[in-house]
Protein chains: 2
Amino acid sequence: MRTLTRKGAATRQRILEGAAAHIREYGVAATTLDDVLARTATSKSQLFHYFPGGREELLLAVARLEADHVLEDQRPQLGELTSWPAWRSWRDKVVDRYRRQGRLCPLNAVMSQLGGATPGAQAVVTELMRRWQAEIATGVRHMQDAGEIDPALDPDRAAAALLAGIQGGVLIQMSTGETTHLEAALDMGIAHLRAGA
Amino acid sequence: MRTLTRKGAATRQRILEGAAAHIREYGVAATTLDDVLARTATSKSQLFHYFPGGREELLLAVARLEADHVLEDQRPQLGELTSWPAWRSWRDKVVDRYRRQGRLCPLNAVMSQLGGATPGAQAVVTELMRRWQAEIATGVRHMQDAGEIDPALDPDRAAAALLAGIQGGVLIQMSTGETTHLEAALDMGIAHLRAGA
DNA sequence: TCAAAAATGGACTGTCAAGTCCAGAAACCG
DNA sequence: CGGTTTCTGGACTTGACAGTCCATTTTTGA
């Protein structure tokens, strides 16, 4: 696979998105390569042509795709945390996003399937967390510059705590189906920022 | 299996604990029934004798076992959140527990393997979260009665937020190996309680 | 003590899914 | 064009693992 023709790129994309869709619907464990082939009208040889590493490589690619979605779905609010209403608006967007998504969290699913073991898988999540936290921290600094948050507060640590709350809230939602915890965590995190005004 | 002889109960227990141990070491996906049999010096017929539901039933039993450990490992501190030093002590215990555990989180692993789908699996986690949150909330109420926390604060909601932070902190630790987020979340959660003194 | 119930060993089966292979079709490019 | 690369179809191999079965041994309790 030195180069990729237009047709080839399209096929690769079709497989990737088909896999992602199937995983979102049925979960990782219940997704076989044959399922993906059936859904995308492709053949084994095509899948292994574009993903020589087989199932694992495909899963990793799906993880990357989903990881990108996570931040994209928070745009533009995540990048504009420059006023309290903006924070509120972001908070609502996050809650809404995960409420829509329901119980399934494709990324978490794929991750625990690949096992934290594989270095590639770990990198995807770590990188996502790093970027997510950095964007939140930037928002905190904005507010500090505007005099809305106590300058003594460590923006990275505050962002870390908030991020952890979000992750946990989503995780709990996966079992309960409720976004109560996610909302509580976000509200508390933001309230804590405000408290140090 | 109308009744269980002493010997039978011992064998069942051996299988259960052997499975839990193997899962903690190698993860769920990398744990086959044969692995468990080899490790516990038992045979297929024994495993299916005590866990007629096969792999799924065994995994569920392991999940229950691990879920019980989670709260037990926080004793006695979790039940005695009656002063700020006590909260601090609990916080340290939680951090220490997960630091020791390292990257693996058997419960989360088992859960995502069983898929949130199965009703039994869901119940285990939901119940654990409910109890955990209730104990934290009780601690908050204690502090309110003692006049250390603003009575206007909703104890259940605060506990929910704190719990979410813990879950997320642990989840992130599974990828990064660091307890930074867990600590940040706990510290922020407790600080927020204190703020409303 | 002895018959019934429980426990055990381990070979066997069936299934299912990942990954391989090669022949042939389509696309690219000088 | 025509040779070369890329792409595609799908049958086949391989291996692994969950679950079954039955004969045999051990324990129980009257």
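Only the coordinates and a few stated rules stand behind these numbers; no lab work does. Predicted model only: the values in this text are computed from it and were never measured. Note that we place each Cβ from the backbone using ideal geometry, even for glycine, and neighbour counts take in every protein chain shown.
Structural remarks
- Point-charge dipole on Cβ atoms (K/R +1, D/E -1) for the protein assembly as shown, about Cα centre, debye to 20: 1360 debye
- Measuring between their Cα centroids, region B:136-158 and region B:24-64 lie 43 Å from each other.
- The dipole here belongs to region B:6-52: it is taken about the Cα centre, uses +1 on the Cβ of Lys and Arg and -1 on the Cβ of Asp and Glu, and is about 280 debye.
- Within chain B, helix-based [θ] at 222 nm, where runs of 4 or more DSSP H residues each add -39,500 (n - 2.57), nearest 500: -25000 deg cm²/dmol
- Dipole axis of the protein assembly as shown (+1 Lys, Arg; -1 Asp, Glu on Cβ), positive-most option in B:His69, A:Gln77, B:Trp84: B:His69
- Reachable lysines, given that their alpha-carbon falls under 29 Å from the alpha-carbon of A:Lys44 and they are not under 8 places away in the same chain: A:Lys7
- Unit charges on C-beta of K, R, D, E only; dipole of region B:8-167, Debye: 440 debye
- Placing unit charges on the Cβ atoms of the charged side chains and taking the dipole of region A:62-195 about its Cα centre, the candidate lying farthest along the positive direction among A:Ala121, A:Leu193, A:Ile149 is A:Ala121.
- Between identical copies, the spacing of B:Ala146 label points, each set 7 Å from Cα toward the C-beta atom, reads 3.8 nm from nearest to farthest.
- Unit charges at the beta carbon, dipole of region B:6-52: most positive-side option, B:Thr11, B:Tyr26, B:Thr42: B:Thr11
- Label-point spacing for B:Phe48 across the identical copies (point 7 Å from Cα in the Cβ direction), in nm and ascending order: 3.2.
- Taking a Cβ cut-off of under 14 Å around B:Thr42, the surrounding Lys, Arg, Asp and Glu residues balance to a net charge of +2, with basic ones at +1 and acidic ones at -1.
- Tensor-based shape of chain B (alpha-carbon gyration tensor, a/c under 1.5 rounded, otherwise prolate or oblate): prolate
- Neighbour net charge for A:Thr180 - beta-carbon separation under 12 angstrom, K R +1, D E -1: -2
- Overall form of the protein assembly as shown per C-alpha gyration tensor (a/c, 1.5; a/b vs b/c): oblate
- Counting Lys and Arg as +1 and Asp and Glu as -1 over every other residue whose Cβ lies under 14 Å from the Cβ of A:Gly147, the net charge comes to -1.
- Peptide B:171-183 has a mean shielding of 6, counted as Cβ atoms of other protein chains within 10 Å of each residue's Cβ.
- Between helix A:180-195 and chain A there is an angle of about 40 degrees, using the helix long axis and the longest principal axis of the Cα atoms.
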